[in-house]
Amino acid sequence: MNHELLKQVIFDQHSFIRNFEIVDRKCNFDLDANYVVVGLRRAGKTTILYKLVQELIASGVDWKQIIYINFEDERLDEFTMADFNDILSVQAELSDKEGWFFLDEVQNVLGWEKFARRLADFKEHAFITGSNAKMLSSEIEERLGGRYLTKYITPYNFAEFLTAKNVDFSEPATLATKESGKIRAAAEEYFYYGGFPESLNRLDKRGYVSSIYQKILLGDIATRNNIRNPNALRIMMKKIAEAVKDELSYTKLHNILKTIGVPVSKDSVIDYIRYAKESYLIFAVKNYFSKFVEKETTSKYYYNDNGLVNLFLTKEEPRLLENLVALTLKNRYKEGLYYLKSQNLDVDFFVEQEGLAVQVAYSVSNISSTRETDSLIQAAKSVKDAKRFLIVTYEEEKVIELAGITIEVRPLWKWLLER
C-alpha cells in the first residue's frame, strides 16, 4: 500500500470529521475497551464514531493520533489483508503517541478480523463498524474471540429526534402552548416516518426509508443468505408488518403464506425470521406466561423503526402506535420485555424489572370498563411484580382509579420524553 495515499485518505477523513455537525446522542464508551459498533442500516453508527473522535480531540488527543479509515473510499479498492500492517506503520510515522484506530466498513477487506484481533492483543484502541450483511453481532463475538465489546446503535429516539430538529423539549416548553405544539408536530412526523437520522433532511421521507428497507431485505438478508425465493421473503415481511399487535407462531405464519399461494416451507419461514432479526429489521417479544417451547415458537413481532413498518400499513394507526411503544420499551429497558396473555388476561407489554404493565390504545375516550383497564386490573391481582399500570394513547391524558389501582393514561409525545 502506498503510504502517501494512505495518509491522504486519513487526512481527508480528519478534515471531514472536523467539520461534521454532530447531533448530541448519549452513547458512552469505555476508552480502555475495544468496540464493534452494530445496528440497523443508516441508524447513525458512523456518526457515533465521529462524535467519539471529536470528544477525543477536545480532551487533548492530537489529530495525528487519529487513524480513521473508511474502507468504502474508492482509493482503497485494491487494499488487501497484507496492507493492514501499513496502517500501523503510518500511525507510527504520524505520531510517537498512542494511536486511536477507527475502521469503518472494514468487512470490505477479506481477513479483517485477524488484524482486529492483533490490534486488541497489542493493546491498541480500536473501534470497528460494518454493514449488517457481513458483521452480525452473533458472528462478531466468534470472530474476534471476546476481544471486543459490542455497541448497539438504534435510529434516533424521540429526544434525539427533537434535538436534531432544534425543537425545545425542556419542561417549560412542554407546558407552553406554542412550544408544545412544535413537539406534537414533531411527534407526528416521528410516528409515521421513524428516526433514521438522514431522513430529517429528505423531502421524500417515505422513499428514503423504502430504499433502506430494500437494502436490508435484498442485501443483508436475501443475498447474504442465498435465498432463492426473495419474493416469499418479501411477502412474509409484509405479513409480519400487517400482524403487528398479534401473536404469530411459525405454523400460523406458514399457513398464512400457504393460503395466499406462497410456496415456502415452514423451515424456511423459521430461517427468514432469524435472518430478519439478525439484520436488526425486526425483534420479537415473548409471552411472560409461556412455557419454554411456546416462547421459542410464538411471539409478537415488531419493526425496529416506525418508518419501516409504516411502509406496509394504510390507516393502521393503532398498529403504528403499538410498534412505536414496543421499540421504545425495548430500547429504554434493554431486557425483560414481555407481553401478558392467559385465559383471562391480555396486556400488551410487561417490563419485569420495573413491574410496569403497559396497554396501548389509540384512544380511551369515554373509558369505563374496557379490555385495557380490565386486563390491567387482572394483572394487578395475578402478577405479583406488577406495581405500575399505564395506558399509552396517541394524545389523551388522564388518571383512572379502578378496583383499588391507579392507571396512568399518557399521550404518546409525553411518554416518549419520560426520563
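Things worth noting here:
- A search for C-beta distances below 6 Å between a residue of the range 290-308 that is in contact (Cβ under 8 Å) with a residue 24 or more places away in the chain and any residue that is open to solvent by 10 Å² or more (accessible area, probe 1.4 Å) and hydroxyl-bearing (Ser, Thr, Tyr), counting only pairs 6+ apart in sequence or on different chains, returns THR297/SER249; THR297/TYR250; THR298/SER249; ASN304/TYR280; GLY307/TYR193.
- Any hit, the range 290-303, residues being more than 23 Å from the chain's Cα centre (by Cα), of a type in the set (D, E, K, R) and over 20 Å from THR393 (Cα atoms): yes
- Residue ranges of helices (runs of 4 or more DSSP H) in the range 52-145 with at least 1 members touching a residue at least 12 places away in the same chain (Cβ under 8 Å) and closer than 19 Å to GLY39 by Cβ: 112-121, 137-144
- Residue ranges of strands (runs of 3 or more DSSP E) in the range 314-419 with at least 3 members of a type outside the set (D, E, K, R) and in contact (Cβ under 8 Å) with a residue 24 or more places away in the chain: 337-342, 345-351, 356-360, 388-393, 405-411
- The helices (runs of 4 or more DSSP H) located wholly in the range 208-299 that include 1 or more residues which are out of contact with any Phe, Trp or Tyr (no Cβ under 7 Å at 6 or more places or on another chain), closer than 23 Å to LEU313 by Cα and of a type outside the set (Val, Ile, Thr) occupy 230-242, 250-259, 266-278.
- Search result, residues across the range 163-178 that are in a helix (DSSP H, G or I) and either open to solvent by 70 Å² or more (accessible area, probe 1.4 Å) or within 26 Å of THR129 (Cα to Cα) (or both): THR163, ALA164, GLU171, PRO172, LEU175, THR177, LYS178
- Search result, residues across the range 210-235 that are basic (Lys, Arg) and without any contact (Cβ under 8 Å) to a residue 12 or more places away in the chain: ARG228
- Among the residues of this structure, GLU401 does not count as one that is of a type outside the set (Ser, Thr, Tyr) and either closer than 24 Å to THR174 by Cβ or under 29 Å from the mean Cα position of the chain (by Cα) (or both).
- Restricting the range 286-300 to residues that are of a type outside the set (Gly, Ala, Ser) and buried (at least 20 other Cβ atoms within 10 Å of the Cβ) leaves a set whose member that is farthest from ASN229 (Cα to Cα) is TYR288.
- From TYR152, TYR156, residue being aromatic (Phe, Trp, Tyr) and open to solvent by 50 Å² or more (accessible area, probe 1.4 Å): TYR152
The values are calculated or read from the model by the stated rules, or taken from the named source; none is laboratory data. No experiment lies behind these values; they were computed from the predicted model shown. With ideal geometry, Cβ positions are generated from the backbone for all residues, glycine too; neighbour counts draw on all protein chains shown. Accessible surface areas use protein heavy atoms only, side chains included; no ligands, DNA or RNA. Shrake-Rupley method; radii C 1.70, N 1.55, O 1.52, S 1.80 Å.
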